[in-house]
């Protein structure tokens with residue numbers, strides 16, 4: 001708009017100036033034409049030239065005067081247009097200023113030199129709760145709260161001296177409420193009078209935020225003061241700009257470290273300078289340190305300004321000495337607990353149902369081959385992993401009943417297969433320690449104890465009790481049988497003596513019959529004697545034993561089992577004695593011979609054989625081998641052969657304890673039992689016992705009297 005006015009203002013004088021120049025040109029041309037005509041009429045040429053020159057000078061002067069007049073006129077027009085534009089802009093600015101003054105967020109007031117309010121905006125009226133007409137003419141002292149610093153007169157005097165002042169004070173609302181105000185005041189003169197222009201801001205919200213910030217900072221300081229934590233901020237040069245928390249470094253309270261160089265404060269710590277330089281370069285670090293016997297974890301984080309530029313680093317140092325002590329104590333406690341549990345062959349079991357994770361203690365984790373002692377899955381997935389198939393149904397039913405809350409404590413025993421293939425008995429006892437809102441189990445904790453040795457001991461006790469009962473019964477039966485046998489043997493001897501005096505032709509057959517009866521009675525007496533020896537009560541004394549005696553006794557007792565099943569073949573070599581209890585050895589060999597006899601098929605007794613051989617191995621040990629050509633065993637049966645209570649016989653036909661007890665007896669003597677078997681081709685049980693060289697066995701040991709091969713067998 002202004003440029004358009006300027007363009008119009010210049011066009012008019014230019015047009016006038018151009019017209020004047022054109023008129024002067026026409027006038028000059030006409031004068032020159034008149035001069036030429038005078039010369040043509042014969043006038044004096046010098047006079048004509050002078051007239052022409054005067055005419056041109058006059059025209060030039062007139063043209064210059066016209067141009068000057070046009071320039072002055074155009075300049076005046078331009079100045080007037082500029083003044084009108086400035087007045088328009090000033091009016092707009094005044095309107096905007098008035099709008100800001102009246103409706104702005106700040107309190108704006110105009111005071112005279114005595115402190116009386118001349119003008120006030122709407123925000124002032126709103127802040128003080130007074131209409132503008134009441135504010136005008138009121139002294140500013142009436143708005144001041146009591147005891148809020150210097151008086152208004154003192155403030156105005158200071159403003160006059162300094163030209164302006166910014167200060168905080170407290171003011172009064174019409175309701176009597178006090179509120180804080182930040183005031184900026186300037187003084188100026190107008191029309192010979194002094195005025196004060198004051199801009200105030202209600203800082204109630206600012207004070208509230210500042211108070212809350214101070215309270216928050218105080219709480220943070222109190223927390224840091226009570227916690228083993230030090231908070232330090234460093235600028236890019238490593239100077240401490242903030243220090244809060246406990247006194248951890250250099251024996252200096254954190255607040256007193258502000259303004260000092262961290263490089264100087266930490267100079268006594270090895271490697272501190274390198275760590276600080278890396279942190280100040282913008283690297284995030286976690287550094288461990290030891291200061292005055294304390295352990296510190298120091299976390300360095302880059303500190304950046306609003307523009308994202310690196311401004312330093314912040315370090316949070318935590319005293320973890322107590323944590324390390326507690327961790328060490330916890331490790332020691334856990335180690336003691338683990339050793340105690342290992343000593344009792346037990347381990348803790350922690351089952352997290354939500355995570356589907358079972359954590360098993362060291363003892364069982366190692367034996368079950370569980371890496372980290374952890375096993376994942378549901379109940380139906382974990383039970384088959386830890387329980388033998390024969391026990392899974394029973395264990396699963398008992399566990400579900402317990403998890404449903406029907407039984408408070410789970411308490412059961414079952415077998416597990418170890419990674420080495422061995423089977424162990426486990427006694428598992430525990431309970432649900434946490435349930436969800438719906439009653440579903442969330443966590444189960446218990447103890448798993450290896451009770452295999454206890455089971456084996458119980459089995460031995462059962463065998464011992466059974467053998468004791470059998471011994472008492474056998475002693476009584478032997479006594480009852482032995483007396484009649486004595487009569488029979490004595491009477492048979494008497495009858496034979498009476499008949500020997502008669503003719504041989506008359507008594508030969510009778511004497512032969514009496515001799516046969518005597519031999520039979522004597523054999524019965526020997527069997528009774530062996531039975532009493534094998535089952536007699538008393539302590540099993542360990543002494544040098546001729547293994548052949550124990551084998552012979554066992555064969556005599558097993559004769560009835562072998563008689564109708566097959567042939568008994570024996571081989572007895574000269575062997576050294578072994579250190580053992582003869583009765584316990586007899587128990588081992590009796591079990592092996594009876595098992596061999598029971599492995600034979602009674603329908604093919606003519607082909608059945610049981611071989612018992614006593615020899616000496618190449619390493620000097622005494623070997624007792626019991627073999628048969630019966631049904632044999634599968635590899636699965638052989639793997640479990642010496643497990644307590646394992647048997648392939650029908651229920652009621654066997655306890656499954658015989659071979660387990662035999663294995664325990666031989667192991668206790670420092671020996672071994674080896675087994676070789678094939679299904680349908682028979683089995684070989686080989687007992688190897690350490691020899692006692694200092695006690696040689698008897699020479700010419702008598703072989704069993706019945707069902708014995710006529711000559712020793714050649715070894716295959």
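Couple of notes before you dig in:
- The slack in the chain from residue 75 to residue 138, taken as 0.36 nm per residue of separation less the alpha-carbon distance, amounts to 17.6 nm.
- Here the spin labels are modelled as points 7 Å beyond Cα on the Cα-Cβ line, and at residue 693 and residue 485 they lie 4.1 nm apart.
- Between residue 329 and residue 260, the contour length at 0.36 nm per residue exceeds the alpha carbon distance by 20.9 nm.
- Förster radius 35 Å - calculated FRET efficiency between residue 396 and residue 676, Cβ distance, rounded to 0.05: 0.40
- Linear extension gain, residue 219 paired with residue 638, 0.36 nm per residue minus alpha-carbon span: 143.4 nm
- The simple Förster model, with R0 at 25 Å and r as the Cβ-Cβ distance, assigns residue 268 and residue 321 a FRET efficiency of 0.85.
- Taking every DSSP beta bridge that has both ends in region 363-454, the antiparallel portion is near 100%.
- The order of 364, 444, going from fewest to most other C-beta atoms within 10 Å of their C-beta, is 444, 364.
- For region 271-319, the C-alpha radius of gyration divided by 2.2 N^0.38 Å, with N the number of residues, is 1.23.
- Projected over every direction and averaged, the convex hull enclosing the alpha-carbon atoms of region 541-689 yields 8.8 nm².
- When region 326-450 is reduced to its Cα atoms, the Kirkwood hydrodynamic radius in Å: 15.1
- Hydrodynamic radius (Kirkwood) for region 208-319, which is based on Cα pairs only, to one decimal in Å: 14.5
- Ascending count of other beta-carbon atoms within 10 Å, so fewest first, for 391, 573: 573, 391
- Put a dot 7 Å past the Cα of residue 435, heading toward its Cβ, do the same for residue 598, and the two dots end up 4.8 nm apart.
- Fewest-first ranking of 138, 109, 399, using other Cβ atoms within 10 Å as the exposure measure: 138, 399, 109
- In nm, spacing of pseudo-spin labels at residue 211 and residue 408 (7 Å Cα→C-beta vector): 5.7
Quick note: the coordinates plus some simple rules give every number you see, no bench work behind them. The structure presented is a predicted model; accordingly, all values stated were derived computationally and were not measured. FYI the Cβ positions are ideal-geometry reconstructions off the backbone, even for glycines, and counts take in every protein chain you see.
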